[in-house]
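Asker: First the structure, which I've put down as structure tokens, then a few questions once you've had a look.
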Amino acid sequence: MHFHSRFGGVLLASAIVVAACGSSPATATPTLGPTASALPSAGITASATLGATPGATPSATPNASADLATYTQIETQVEALRELAPKSSVTPILLDEQGVRDWMTKAMESGVDHTALAAESRLFSHLGLLPAGASLEQLELDLDAGQALGFYDADTKQLYLLSTSGTVGAEEQWVFSHEFTHALQDQNFGLDQLAIDAPNQGDRDLARTALPEGDATLSMMQWAERNMSILGLLSSAFSALGPQTDQFNNAPAILREDLMFPYDAGLSFVEGVYEKGGWAAVDRLYAKPPNSTSQILHPELYTAGIGPVAVTLGAVPATLGTGWKLTYQDTMGELQLRVWLGGEHPTDAQAKAADSAASSWAGDRIGLYEGPSGAWAVVLRTQWRSTSGRTAFVAAANQTLDGLSSPSAVCGDAIHADIIIASDPTVLGSFTTCQPGE
């Protein structure tokens, strides 16, 4: 999944959700939706150890020799399929469910900006994307740890796989093919060059995460088609059903969609490039990665070189006096605006309408302003590629704002729309002279 720079460095992760992520050119194999990956790992020197924590050294298990042979075979197959030569080997470590949670908890404790996450939690709550008082940090940890099948840590070059039995079965092999692809990507292109951990660039981070995840998902699907039996494929798919699926479905929409986007939309984006130019064309994407979820959702924008427009926020209005500050800012992007407009668990018709209303996105910037006595304002400044696109967004946004309890206003011109939500009418009036719904 996309970890929003929460873990410091690049962590690409595999979740246990079964997703209809599309199909490879040669097959319509079902795929497990995100696999967690953090970037390359060092060579296969041992099998796996259960319950390992960040920085732990793997120790050989009783079946280490058999595991090593399995991993080596998969590596050889993926290298040939993906058409990339390794520069170093990989040491997979098997973790049980508690081991995965312990690893992610420790990584989050030491590698995230807790203050920024708390501010983002408040921002999302004001937008209606999270319940009041919810902790985005805790929600993400619970979802990530509950959904992860494996991950590859770019900083340590270590690869981890979830194995509740401690053995290397069909599911572990499938996930390993995905994670090993991340190692090849990192060794050949340098995944740190994607700058996925840039502060306050959430939409760009998500778009750039979609490149290696879509790449690895396509590679995994092709590997599975060529090297797994139908029984193995079905076993892997059905093993993912159960409590993890319920957890995913019950998570806030903003987390569900952020989680699945790199694997679902990322796969479609990479697959389109692959179908036209093979793996060589996919390789070239790393030298010029996408810069917005809009480019992933509308590949023609990427092809045409139409990137996001830079949008800036204003200073705290002088009329508010002292004690106010811009606490947090980021770019929502087309994907998160879709989620905001669609609401929780939208019907197909509602989701389609939200997608359409956000489809002309050109750029945005959102900020949380906070002052004394719990006063606050959220300002979302957006730019659209057409007047009709702006009109469609404003109409949908007004419906969403009607469902919030806080006062709000919508302002702008032919291609700009500014949305202001505030703790009270006085604060709202300091940020805009517009009338609600204008």
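Asker: Within segment 216-243, count every residue that is modelled with pLDDT of 75 or more and either surrounded by fewer than 16 Cβ atoms within 10 Å (Cβ to Cβ) or touching a helix residue (DSSP H, G or I) at 6+ places or on another chain (Cβ under 7 Å) (or both). Explain how you work it out, then say what you get.
Answerer: So in segment 216-243, the residues modelled with pLDDT of 75 or more come out as 216-229.
Okay, now just the ones that are also either surrounded by fewer than 16 Cβ atoms within 10 Å (Cβ to Cβ) or touching a helix residue (DSSP H, G or I) at 6+ places or on another chain (Cβ under 7 Å) (or both), so 216-220, 222-224, 226-229.
Residues meeting the conditions: 12.
Asker: Also: Please find, among E172, E213, E179, the residue that is part of a helix (DSSP H, G or I), modelled with pLDDT under 90, among the acidic types (D, E) and surrounded by 18 or more Cβ atoms within 10 Å (Cβ to Cβ).
Answerer: Details: E213 fails: modelled with pLDDT under 90; E179 fails: modelled with pLDDT under 90.
It is E172.
Asker: Quick one: L159 ticks every box in (1) in a helix (DSSP H, G or I); (2) within 21 Å of the chain's Cα centre (by Cα) bar one, so which box is it?
Answerer: L159 satisfies every listed condition except (1).
Asker: How many residues does segment 320-349 hold that are surrounded by fewer than 14 Cβ atoms within 10 Å (Cβ to Cβ) and free of Cβ contacts under 8 Å to residues at least 60 places away in the same chain?
Answerer: We begin by selecting, within segment 320-349, every residue surrounded by fewer than 14 Cβ atoms within 10 Å (Cβ to Cβ); these are 321-323, 325, 344-345, 347-349.
Remaining after also requiring free of Cβ contacts under 8 Å to residues at least 60 places away in the same chain: 321-323, 325, 347-349.
Looking only at that region, the number is 7.
Asker: Would you check which residues across segment 100-114 are assigned to a helix (DSSP H, G or I) and surrounded by fewer than 21 Cβ atoms within 10 Å (Cβ to Cβ) and list them? Show your work before the answer.
Answerer: In the first step, residues of segment 100-114 are kept if they are assigned to a helix (DSSP H, G or I); the result is 100-111, 114.
Hits for segment 100-114 are R101, D102, T105, K106, E109, S110, G111, H114.
Asker: Looking for something under 27 Å from the mean Cα position of the chain (by Cα) and in contact (Cβ under 8 Å) with a residue 40 or more places away in the chain - is there at least one such residue anywhere in segment 412-419?
Answerer: Looking for residues that are under 27 Å from the mean Cα position of the chain (by Cα) and in contact (Cβ under 8 Å) with a residue 40 or more places away in the chain, one finds at least one in segment 412-419, hence yes.
Yes/no per residue for (1) outside the structural domain of L380 (by TED's automatic domain parsing); (2) among the hydrophobic types (A, V, I, L, M, F, W, C); (3) touching a helix residue (DSSP H, G or I) at 6+ places or on another chain (Cβ under 7 Å); (4) part of a helix (DSSP H, G or I):
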| site | (1), (2), (3), (4) |
| --- | --- |
| T70 | yes, no, yes, yes |
| Q73 | yes, no, no, yes |
| S89 | yes, no, no, no |
| L94 | yes, yes, no, no |
| Q98 | yes, no, no, yes |
| A116 | yes, yes, no, yes |
| H126 | yes, no, no, yes |
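Asker: Let me ask you something else. Could you list, in sequence order, the residues of segment 316-333 that are part of a strand (DSSP E or B) and more than 29 Å from T426 (Cβ to Cβ)? Please lay out each step first, then the result.
Answerer: Quick first cut of segment 316-333, residues part of a strand (DSSP E or B) only: 325-330.
Result: no residue meets the conditions.
Asker: Hey, can you tell me all the residues within segment 137-156 that are part of a helix (DSSP H, G or I) and in contact (Cβ under 8 Å) with a residue 60 or more places away in the chain? Spell out the reasoning first.
Answerer: Going through segment 137-156, the residues part of a helix (DSSP H, G or I) turn out to be 137-147.
Matches in segment 137-156: E137, L139, E140, D142, L143, D144, G146, Q147.
The values are calculated or read from the model by the stated rules, or taken from the named source; none is laboratory data. Quantities reported herein were computed from a predicted structural model and do not represent experimental measurements. Every residue, glycine as well, gets a Cβ built from its backbone with ideal geometry; the counts of neighbours run over all protein chains shown.
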